Amino acid sequence: MSLKTFPTNFLWGGATAANQLEGAYLKNGKGLSVNDLLVGGTDKRPREITREIQADKYYPSHQAIDFYHHYKEDIKLFAEMGFKIYRFSIAWTRIYPHGFEEEPNKKGLEFYDGVIQELKKYHIQPLITISHYEPPLAMTQKFNGWESRRAIEQYVKFAKTIIKRYHHDVKYWIMFNEINILTRTSGAYLGGGMYVSNNSNFDNPEIDSEQMRFNALHHQFLASSLVTSFAHQYDPSLKMGCMLAYHTIYPLTSNPVDIQYAQEVSKISNFYCGDVQVKGKYPYFAQRYWQKHNLKLDIQPQDAKILLQGKVDYFTFSYYQSTTVTLDKEKNTLQKGNFISGVKNPYLKTSDWGWAIDPLGLRIALNQVFDRYNLPIMVVENGLGAKDKLEFTRDGQPYINDDYRINYLKQHLSAMYEALQDGVDLIGYTSWAPIDLVSASSGQMSKRYGYIYVDKDDYGHGTLKRYKKKSFYWYKQVIQNNGII
Ligand code: BG6
């Protein structure tokens, strides 16, 4: 079979988020983020969020995989695979522990100085996500996170601090991870840093409303634009990107009502946010949606200008699955997903966690996004959460045979290759996640994505030792060949 070669300088790498791997949740002045109050769950039992830390509960972010103390070892392994780029987030609460401080926490910055130095040593380019579901808890307690316009000022201060400090070494930035999840849910991820009523034991039933989420989104759009405008002025070489959880949406049947319904779902979940961040204004369909859902947004006279001035330079998204929808209630057997649920697609298999596996959906997604926005694209998350088994040969050598993961990734890389042949300007791929870490939706360690196995279980036990999986050697080969066979 022939080699499917990717463009020269294609950015191969991996992606992680601070709250899912760093641990050291109070070290060197770090404050609590909303994520530090999320208790571990399972695929059947949703994560719970508590008002304060309770001694008898297990909070996976507190130690996670202790990247904080292992980053040199971990980055060395990324370098061994040949990474060109590493996407990670900066924990807001390491830099501004409560959000409101006037001056940043020096020790927090020094940690990321170290991470970036280490990446430079191996010529791995950093890609920074400014906010990945980890806003300061104090902001949530004071004004319910992004529900309030006051979050904008705090975020802009944080973003400016890190952009000024790292702009020489970091060209690519992402303002918000999967900003569009707020169109559907506050859920376990807490993208808006707001207290949610479902999945939680907070007693205010008012707090997870669509009204609140769409207002929070408006504030995030403004924050994204303000930071983008600032970065463009401060250092014109910087590339500021949006990031969405993209779901290719299919109608279950060819009945036009299903097709129209699929289009409606896609407009809000896939395009509402991208349109604002790429085009600098709300899409044509927004008004009708707001009216139908009785949403009153906190749009002030100066906002239109702010949005127009801070358009992003490139487009990124995560892709794990497609979603199939229908209006036919009889056919509504539920299909799980990371934020949109739909119905079971009879043509697709699912992962152990019930997510539809659909590599062709990625090619469709890439074409849809490029057709609509005509910007360079990076796929900044994609991978298979699966149960891996650490085994030992007779002479005591560890091995993890994860052929299923290799197979999943290979098919998705093939889909990307086809999209490139279609003419899509795809410039990079950072798979989720190069190393096992805490699952965002379930809080489990056993939902593993890595090329590197970490010895830790769902209850916090384990040596934290790192082991290379079979996929480690496979991905190394992919990067070496700049393509797949
Ligand atoms: C994305 C998030 O939704 O999916 C990540 O950006 C998350 O933070 C990833 O980890 C995979 O989801 P999960 O729930 O399997 O960890």
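The values are calculated or read from the model by the stated rules, or taken from the named source; none is laboratory data. Since this is a predicted model, take the numbers as computed values, not measurements. All Cβ positions, even for glycine, are placed from backbone atoms using ideal geometry, and neighbour counts span all protein chains on display.
Quick notes on this structure:
- Restricting attention to the range 298-324, the residues that are of a type in the set (Gly, Ala, Ser) and either assigned to a strand (DSSP E or B) or in contact with a Cys (Cβ under 8 Å, 6 or more places away or on another chain) (or both) add up to 2.
- Verdict on GLN411 being more than 30 Å from ASN374 (Cβ to Cβ), of a type in the set (S, T, N, Q) and away from the ligand (no atom under 16 Å from the Cβ): no
For every residue, the table says whether it meets (1) more than 17 Å from GLY191 (Cβ to Cβ); (2) away from the ligand (no atom under 14 Å from the Cβ); (3) acidic (Asp, Glu); (4) modelled with pLDDT of 95 or more.
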| residue | (1), (2), (3), (4) |
| --- | --- |
| LEU11 | yes, yes, no, yes |
| SER33 | no, no, no, yes |
| GLY40 | yes, no, no, no |
| SER61 | no, no, no, yes |
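- Some residue of the range 381-393 being aliphatic (A, V, I, L, M) and within 16 Å of the ligand (Cβ to nearest atom): yes
- Residues that are within 14 Å of GLU22 (Cα to Cα), in contact with a Lys or Arg (Cβ under 9 Å, 6 or more places away or on another chain) and outside any helix (DSSP H, G or I) within the range 67-95 comprise just one, ALA91.
- Scanning the range 277-286 turns up one or more residues that are over 24 Å from the mean Cα position of the chain (by Cα), within 19 Å of GLN211 (Cβ to Cβ), in a helix (DSSP H, G or I) and among the small types (Gly, Ala, Ser).
- Some residue of the range 343-354 being within 16 Å of the ligand (Cβ to nearest atom), modelled with pLDDT under 95, part of a strand (DSSP E or B) and in contact with a strand residue (DSSP E or B) (Cβ under 6 Å, 6 or more places away or on another chain): yes
- Scanning the range 239-253 for residues that are surrounded by fewer than 24 Cβ atoms within 10 Å (Cβ to Cβ) and under 19 Å from the mean Cα position of the chain (by Cα) gives LYS239, THR248.
- Residue match in the range 52-62 (condition: surrounded by fewer than 16 Cβ atoms within 10 Å (Cβ to Cβ) and among the small types (Gly, Ala, Ser)): yes
- Test: residue in the range 41-58 that is of a type in the set (Phe, Trp, Tyr) and touching a residue at least 60 places away in the same chain (Cβ under 8 Å): yes
- Within the range 436-476, the set of residues being among the aliphatic types (A, V, I, L, M) and buried (at least 23 other Cβ atoms within 10 Å of the Cβ) comprises LEU437, VAL438, ALA440, MET445, ILE452, VAL454.
- Of the criteria (1) closer than 18 Å to ASN19 by Cβ; (2) in contact with a Gly (Cβ under 9 Å, 6 or more places away or on another chain); (3) surrounded by fewer than 23 Cβ atoms within 10 Å (Cβ to Cβ), which one ASN177 fails: (3)
- Of all residues making up the range 14-48, the number that are closer than 27 Å to SER431 by Cβ, of a type in the set (A, V, I, L, M, F, W, C) and part of a loop (DSSP other than H, G, I, E, B): 2
- Close pairs (7 angstrom Cβ cut-off, 6 or more residues apart or separate chains): of a type in the set (A, V, I, L, M) and buried (at least 20 other Cβ atoms within 10 Å of the Cβ) in the range 308-323, modelled with pLDDT of 95 or more and outside any loop (DSSP other than H, G, I, E, B) anywhere: VAL312/THR228; VAL312/MET240; VAL312/GLY241; VAL312/CYS242; VAL312/GLN277; VAL312/VAL278
- Exactly one residue among ASN294, ASN338 is loosely packed, with under 14 Cβ neighbours inside 10 Å and either in contact with an Asp or Glu (Cβ under 9 Å, 6 or more places away or on another chain) or modelled with pLDDT of 95 or more (or both), and that residue is ASN294.
- Residue within the range 423-436 that is away from the ligand (no atom under 16 Å from the Cβ), more than 14 Å from ILE65 (Cβ to Cβ), of a type in the set (A, V, I, L, M, F, W, C) and without any contact (Cβ under 8 Å) to a residue 60 or more places away in the chain present: yes
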